[in-house]
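Handing you this structure, nothing more for now.
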Amino acid sequence: AASTDTFNYATYHTLDEIYGFMDMLVAEHPNLVSKLQIGKTYEGRPIYVLKFSTGGNNRPAIWIDTGIHSREWVTQASGIWFAKKITQDYGQNPAFTAILDKMDIFLEIVTNPDGFAFTHSKNRLWRKTRSITAGSSCVGVDPNRNWDAGFGKAGASSNPCSETYHGKFANSETEVKSIVDFVKSHGNIKAFISIHSYSQLLLYPYGYTTDPAQDQAELDELAKSAVTALASLYGTKFKYGSIIKAIYRASGGTIDWTYNQGIKYSYTFELRDTGRYGFLLPASQIVPTAQETWLALLTIMDHTLKHPY
Amino acid sequence: KEDFVGHQVLRISVADEAQVQKVTELEDLEHLQLDFWRGPAQPGSPVDVRVPFPSLQAVKVFLEAHGIKYTIMIEDVQSLLDEEEEQMFAFQAR
């Protein structure tokens, strides 16, 4: 594509194409978008985050990541669409403009670059990182079980061959540690949204314990509003609730850690579908998925703006 | 590239806790090389699992023997992957 206007949002792209897209977007909107490298992957690839900012210093911020599970291709594809949408809507959509006038947005489109490259080159259904575990012939750690929140408890596997292997220790994966370091050093992230597929859920903490989150009532109410907004576009139905109640016990998860760090608005999505294609969602559904998800994201971002803490 | 010819994704409907437990047992049988796309959770919540061709018969027999209902969600994973790849190539060529 010659520009982000002619970029094809309705197909899946390789890592190089996505990184190329990010560079184009930055070049086209130098006063709004910048690209940060927050670390390197196990295999040495750069880990990039797009920063959308209208100015200010260390403003309160919203974090969005897609693709921590590499085979969930509709999430990276949606992340690309969100990035473009942000640049289109700023200055056009009053509600969104108000958000970006006060807050920064950080968007990590490919959260697990090694895994994503592997899905393109060797195994389309690869989910984990690509780190080697000493003493095992199996590769990779589930980066959504590697966070320091109930790490290693029930709801993750100690078997390196399992798809939910939690790793040797919390933050053992550089892809996770890079975000942890970034979140800690930033210190002013107010909403953290981690996007997965599939099964159409909007989830909040906790996954490792049945104890309700301190802000459960507010998180639940906001989730209800977000899924209502999402459904308003195409009627796609999402369930919502705490991770442990809505799906199953899961320890070492991303948003349990962010919530425990004090990021109240910590959510995770599971995007389309509910049981036809799974991780192999046809490319024709990328844009509708991204469009409807954006409405839910807007709801959460708007609430975050209007309920400072 | 890894080949998924003949792999199926089964949607398993677990009716009660005992069936959830049975499916969990299935998850522990490493030699079957099952890939749970949606893991066993609670009764009423579907379980989706990719089953390699060599394990298909064993898994289906196991489920049927325990009265656990299932449907075939994806008949042949590789055919979907082929379509996906063709579409990507077509866009790149264009």
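Among what's in segment B:1-58 and is part of a helix (DSSP H, G or I) and hydroxyl-bearing (Ser, Thr, Tyr), pick the residue that is nearest to A:PHE118 (Cα to Cα).
Once the filter is applied, the top-ranked residue is B:SER55.
Each row is one residue, and each column tells you yes or no for (1) in contact (Cβ under 8 Å) with a residue 60 or more places away in the chain; (2) among the β-branched types (Val, Ile, Thr); (3) assigned to a loop (DSSP other than H, G, I, E, B).
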{"site": "A:SER232", "(1), (2), (3)": "yes, no, no"}
{"site": "A:ILE263", "(1), (2), (3)": "yes, yes, yes"}
{"site": "A:PHE279", "(1), (2), (3)": "yes, no, yes"}
{"site": "A:GLN291", "(1), (2), (3)": "yes, no, no"}
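Moving on to the next point. Among the residues in segment B:70-78, are any surrounded by 13 or more Cβ atoms within 10 Å (Cβ to Cβ), modelled with pLDDT of 95 or more and closer than 21 Å to A:CYS161 by Cβ?
Residues of segment B:70-78 that are surrounded by 13 or more Cβ atoms within 10 Å (Cβ to Cβ), as a first pass: B:70, B:72-74, B:76-78.
Now drop any that are not modelled with pLDDT of 95 or more, which leaves B:70, B:72-74, B:76-78.
Subsequent filtering for residues that are closer than 21 Å to A:CYS161 by Cβ retains B:77.
There is at least one residue in segment B:70-78 that is surrounded by 13 or more Cβ atoms within 10 Å (Cβ to Cβ), modelled with pLDDT of 95 or more and closer than 21 Å to A:CYS161 by Cβ.
Inside segment B:46-94, can you point out the residues that are of a type in the set (D, E, K, R) and closer than 23 Å to A:TYR248 by Cα?
Hits for segment B:46-94 are B:ASP48, B:ARG50, B:LYS69.
Right, here's the next one. Could you identify the single residue in A:ILE300, A:ILE244, A:ILE286, A:ILE255 that is among the β-branched types (Val, Ile, Thr), closer than 25 Å to A:VAL176 by Cα and over 15 Å from the mean Cα position of the chain (by Cα)?
Being among the β-branched types (Val, Ile, Thr), closer than 25 Å to A:VAL176 by Cα and over 15 Å from the mean Cα position of the chain (by Cα) holds for just one of A:ILE300, A:ILE244, A:ILE286, A:ILE255, which is A:ILE244.
Looking only at segment A:119-135, filter to residues that are surrounded by fewer than 16 Cβ atoms within 10 Å (Cβ to Cβ) and facing another protein chain (nearest Cβ under 10 Å); which one of those is nearest to B:VAL49 (Cα to Cα)?
Residue satisfying both the conditions and the ranking: A:LYS122.
Follow-up question, since we're still on this one. Mind telling me which of the residues A:THR254, A:THR236, A:THR299 ends up being away from every other protein chain (no Cβ under 14 Å) and crowded, with 22+ Cβ neighbours inside 10 Å?
Only one candidate passes the filter, namely A:THR254.
Moving on to the next point. Which residue is surrounded by the most Cβ atoms within 10 Å (Cβ to Cβ), if the candidates are limited to segment B:31-55 and must be modelled with pLDDT of 90 or more and at the interface with chain A (Cβ under 9 Å from one of its Cβ atoms)?
B:TRP37
Here is a further query. So, in segment A:184-199, of the ones that are of a type outside the set (Ser, Thr, Tyr) and surrounded by fewer than 20 Cβ atoms within 10 Å (Cβ to Cβ), which residue ends up farthest from A:ASN260 (Cα to Cα)? Walk me through how you get there before you give the answer.
Filtering segment A:184-199 for residues of a type outside the set (Ser, Thr, Tyr) gives A:184, A:186-193, A:195-196.
With surrounded by fewer than 20 Cβ atoms within 10 Å (Cβ to Cβ) added as a condition, the list becomes A:184, A:186-188.
Values: A:LYS184: 12, A:HIS186: 16, A:GLY187: 13, A:ASN188: 14 Å.
Here the residue is A:HIS186.
Still on this structure, I have one more. Anything in segment B:57-94 that is of a type in the set (Asp, Glu) and either over 13 Å from the mean Cα position of the chain (by Cα) or more than 14 Å from chain A (Cβ to nearest Cβ) (or both)? List them, or say none.
B:GLU64, B:ASP82, B:GLU83, B:GLU84, B:GLU85, B:GLU86
Filter segment B:6-29 down to the residues that are touching a residue at least 60 places away in the same chain (Cβ under 8 Å) and within 13 Å of chain A (Cβ to nearest Cβ), then identify the one that is surrounded by the most Cβ atoms within 10 Å (Cβ to Cβ).
It comes out as B:VAL9.
Can you pull out the residues in segment A:112-158 that are among the aliphatic types (A, V, I, L, M) and in contact with a Ser or Thr (Cβ under 9 Å, 6 or more places away or on another chain)?
Of everything in segment A:112-158, those that are among the aliphatic types (A, V, I, L, M) and in contact with a Ser or Thr (Cβ under 9 Å, 6 or more places away or on another chain) turn out to be A:ALA117, A:LEU125, A:VAL139, A:VAL141, A:ALA149, A:ALA154, A:ALA156.
If you don't mind, there's one more thing I want to ask. State whether the residues of segment A:8-26 include one that is touching a strand residue (DSSP E or B) at 6+ places or on another chain (Cβ under 9 Å), of a type in the set (D, E, K, R) and either modelled with pLDDT of 95 or more or within 28 Å of A:ARG127 (Cα to Cα) (or both).
yes
Sort out which residues of segment A:264-288 are surrounded by fewer than 23 Cβ atoms within 10 Å (Cβ to Cβ) and either among the small types (Gly, Ala, Ser) or away from chain B (no Cβ under 14 Å) (or both), and write them in order of number.
Hits for segment A:264-288 are A:LYS264, A:GLY275, A:ALA283, A:SER284, A:PRO288.
The values are calculated or read from the model by the stated rules, or taken from the named source; none is laboratory data. What you see is a predicted model, and the numbers here were worked out from it, not measured in a lab. Cβ sites come from the backbone with ideal geometry, for glycine too, and all protein chains shown count toward neighbours.
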